[in-house]
């Protein structure tokens, strides 16, 4: 029984260590390929532009609607909680800190992962089946760069819309002007 317990702990430790090692190797290889400018062929740039368009531009209407909805809902909850604790004066800083530091980056990363991971996986599996190594390399580079660009740009957009909708909610519900917050 003790030997089985020790074996289980050892197996789990080895599996976790291998997972971290593989993640580190993949990250290091990706960074090397991203900063190697010889990898940027016309096909890579074409894939990159298409991926940025798909992951940033095409989703803006849906993304704005979700940002406005969550902005009104979550900012309303934050305002109610702050008002219950008598922190009316700090509502503006609480909203900005919560939205910019915490929620916008997390939500944007989850949104991009939910929306585009199956599409990216299907494209890479298709390329692997066709044995096009050069296209696989350029496609992975393009997907990584487009994910970075999309996450940053959509996070900024999400935070802006969410803060604006939160301030509108605050103005309509409490009657606070922008100067008060």
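The values are calculated or read from the model by the stated rules, or taken from the named source; none is laboratory data. The structure displayed is predicted, hence computed values, not measured ones. As a convention, Cβ positions derive from the backbone with ideal geometry for all residues, glycine included, and neighbour counts pool all protein chains shown.
Can you confirm whether the stretch 88-104 contains a residue that is part of a helix (DSSP H, G or I) and closer than 16 Å to residue 148 by Cβ? For the stretch 88-104, residues part of a helix (DSSP H, G or I) and closer than 16 Å to residue 148 by Cβ: present.
Listed here are the residues, each with its yes/no results for (1) in the same structural domain as residue 168 (by TED's automatic domain parsing); (2) under 27 Å from residue 111 (Cβ atoms); (3) modelled with pLDDT of 80 or more.
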{"position": "16", "(1), (2), (3)": "no, no, yes"}
{"position": "49", "(1), (2), (3)": "yes, yes, yes"}
{"position": "52", "(1), (2), (3)": "yes, yes, yes"}
{"position": "60", "(1), (2), (3)": "yes, yes, yes"}
{"position": "86", "(1), (2), (3)": "yes, no, yes"}
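Of everything in the stretch 118-133 that is surrounded by fewer than 12 Cβ atoms within 10 Å (Cβ to Cβ) and assigned to a helix (DSSP H, G or I), the residue that is modelled with the lowest pLDDT is 133. Report whether or not residue 16 is surrounded by 10 or more Cβ atoms within 10 Å (Cβ to Cβ) and within 26 Å of the chain's Cα centre (by Cα). In short, yes. With respect to residue 68, determine if the residue is in a helix (DSSP H, G or I), surrounded by 10 or more Cβ atoms within 10 Å (Cβ to Cβ) and assigned by TED's automatic domain parsing to the domain that holds residue 157. Taking the combined requirement at face value, the residue satisfies it.
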